[in-house]
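Q: Structure provided below as structure tokens; questions to follow.
The values are calculated or read from the model by the stated rules, or taken from the named source; none is laboratory data. Given the structure is predicted, the values throughout are model-derived calculations rather than measurements. Counting neighbours? That spans all protein chains shown, and the Cβs are built from the backbone with ideal geometry, glycine included. Accessible surface is based on the protein model in full, side chains and every heavy atom, while ligands, DNA and RNA are left aside. Shrake-Rupley method; radii C 1.70, N 1.55, O 1.52, S 1.80 Å.
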Amino acid sequence: MMTSLPQVAHIVGATDESAKVRTLAFDLNLEAEPGQFVMAWLPGVDEKPFSLASADPASLTIARVGPFSTAVHALNIGDRLWLRGPLGRPFTLPNSPTPEFPLLLIAGGYGVAPLRFLAERARSAGWGLSVVIGARTAADVVFADRFAALGARLVITTDDGSLGQKGVATDAAARLLARSSYQAIYTCGPEPMLEAVEKLARARNLPAQLSYERYMRCGFGVCGSCAREGWLVCRDGPVKQVSSVK
């Protein structure tokens, strides 16, 4: 259930995924779907949007990239953060699993967080998964062990070749699509990667769902700060559906 008012959440768990990435778990359960997000507020600092890494309990995977995320990384077990949401349109799974046609998940950078949530739901529903994780270096790869534990076929790419295949996630995805058949594509990451994935999906006539990340202030379509090509990422997305070839 979405609420427009921040809810106080106490940190009950903290996991360092890498030198820059930490997952925080809270004493709060949300009725949320993979792909939805919350606005996280730290009084006196700022409020920022974050995709949910899980809903029960509410968990956020946060990369330390600026003043707000640095302040959140400094919080300890028992400290408070205020969460507003869930917000936005989520990913949706096809109606029933098709064993010969699994789902393809493509994660770029820190876009792994909502896809991890989606992967857990998909596996619970009986879907087979192939997962591509793309990162700059081996040190930037997160959640690979979580996807592997779910039984996903996992491919890792790094820009410098320090782990997995050298190159970008979309090139690895293109190779998978050339060798195997899939029911649908799901992706989250930098916008150039999402655009490349959309082209792949249209070329294969596959439905795809792309999760966009944009700076936003309100989270529900009033301020307009997250506008993109005539739609608002917070209200009309963050998940964009691509259903057919144009």
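Q: Count the net charge of all other residues whose Cβ sits under 12 Å from the Cβ of LEU30, scoring Lys and Arg as +1 and Asp and Glu as -1.
A: On the way: positive: ARG84; negative: ASP27, GLU31, GLU33, ASP56.
In short, -3.
Q: Along each of the three principal axes of the Cα atoms of segment 57-106, give the extent in whole Å, ordering the values from largest to smallest.
A: That gives 46, 21, 20 Å along the principal axes, largest extent first.
Q: If I fit a long axis through the Cα atoms of helix 112-124 and take the longest principal axis of the Cα atoms of the chain, what angle between them do I get, 0 to 90°, rounded to 10?
A: The angle comes out near 70 degrees.
Q: Taking 24 Å as the cut-off for C-alpha to C-alpha distance, list the pairs among LYS48/LYS240; LYS20/LYS48; LYS199/LYS240; LYS20/LYS240; LYS48/LYS166 that go past it.
A: Values: LYS48/LYS240 21 Å; LYS20/LYS48 17 Å; LYS199/LYS240 14 Å; LYS20/LYS240 28 Å; LYS48/LYS166 33 Å.
Checking Cα-Cα distances, LYS20/LYS240; LYS48/LYS166 exceed 24 Å.
Q: For segment 76-145, report the % of Cα-Cα distances exceeding 21 Å.
A: Values: 1020 of 2415 pairs.
Summing the P(r) tail past 21 Å for segment 76-145 gives 42 percent.
Q: Still on this model: Most mobile of PRO86, PRO102, PRO57 per a Gaussian network model of the chain (Cα springs, under 10 Å)?
A: Of PRO86, PRO102, PRO57, the most mobile in the Gaussian network model is PRO57.
Q: What percentage of the solvent-accessible surface of the chain, computed with a 1.4 Å probe over protein heavy atoms, is contributed by carbon and sulfur atoms?
A: Working: 5680 of 11140 Å².
Solvent-exposed carbon and sulfur of the chain make up 51 percent of the total.
Q: At a probe radius of 1.4 Å, what is the per-residue accessible area of ARG121, in Å² to the nearest 10?
A: 90
Q: Restricting to Cα pairs below 8 Å that are 6+ residues apart, what does the relative contact order work out to for the chain? Please round to a whole percent.
A: Values: 573 pairs, mean separation 44.1, N = 246.
18 percent.
Q: In a shell of Cβ-Cβ distance under 14 Å around LEU150, excluding LEU150 itself, what net charge do Lys and Arg (+1) and Asp and Glu (-1) give? Don't jump to the answer; show the numbers that get you there.
A: On the way: positive: ARG116, ARG121, ARG123, ARG146, ARG153; negative: GLU120, ASP145.
Spelling it out: positives minus negatives among the neighbours equals +3.
Q: To continue, here is another question. Explain nothing, just compute: Karplus ³J(HN,Hα) = 6.51 cos²θ - 1.76 cosθ + 1.60, θ = phi - 60°, for every residue of segment 162-174 in order, whole Hz, x for Gly and Pro.
A: My calculation for segment 162-174 gives 6, 8, x, 7, 7, x, 10, 4, 5, 5, 5, 4, 4 Hz in order.
Q: Still on this structure, please answer the following. Along each of the three principal axes of the Cα atoms of segment 58-194, give the extent in whole Å, ordering the values from largest to smallest.
A: Here the spans come out as 47, 37, 27 Å, largest first.
Q: What translational diffusion coefficient, to the nearest whole µm²/s, does segment 1-91 have by Stokes-Einstein, given a Kirkwood radius computed over alpha-carbon pairs, a temperature of 20 °C and 1.002 mPa s viscosity? If you can, show how the numbers build up before the last one.
A: Numbers: Rh = 12.9 Å.
It comes out at roughly 166 µm²/s.
Q: Send over a whole-number figure in Å² for the accessible area per residue of segment 1-116, probe 1.4 Å.
A: That works out to 44 Å² for each residue.
Q: OK, next. Express the Stokes-Einstein translational diffusion coefficient of the chain in µm² s⁻¹, to the nearest whole number, given a Kirkwood radius over alpha-carbon pairs, 37 °C and a viscosity of 0.692 mPa s. Please list the in-between numbers first.
A: On the way: Rh = 18.2 Å.
Reported coefficient: 180 µm²/s.
Q: So how much slack lies between LYS20 and ALA125, counting 0.36 nm per residue of separation and subtracting their Cα-Cα distance, in nm?
A: Values: separation 105, 0.36 × 105 = 37.80 nm, distance 3.22 nm.
So the chain would gain 34.6 nm between LYS20 and ALA125.
Q: Rounded to the nearest 0.05, what FRET efficiency do SER96 and GLU191 give with R0 = 41 Å and r taken as the Cβ-Cβ distance? Could you check? Can you show the working numbers first?
A: Numbers: r = 32 Å, r/R0 = 0.78.
Between SER96 and GLU191 the formula returns 0.80.
Q: Can I ask one more? What angle do you read, to the nearest 10 degrees and between 0 and 90, between the alpha-carbon axis of helix 191-204 and the longest principal axis of the chain?
A: Taking Cα atoms only, the helix is inclined about 30 degrees.
Q: Shifting gears a bit: Taking the DSSP beta bridges in the chain as the whole, what percent of them are antiparallel, to the nearest 5? Provide the component values of the computation, followed by the final result.
A: Working: 33 of 57 bridges.
Percent antiparallel among DSSP bridges in the chain is about 60.
Q: Give the separation of the Cα centroids, segment 115-145 to segment 46-66, in Å.
A: Here the answer is 17 Å between Cα centres.
Q: Tell me, for the chain, which Cys residues have no other cysteine's C-beta sitting closer than 4.7 Å.
A: Those would be CYS188, CYS226, CYS234, since no other cysteine Cβ in the chain comes under 4.7 Å of theirs.
Q: On to the next question. Run the simple label-point estimate for VAL45 and GLU198 please: 7 Å along Cα→C-beta, distance reported in nm.
A: It is 3.3 nm.
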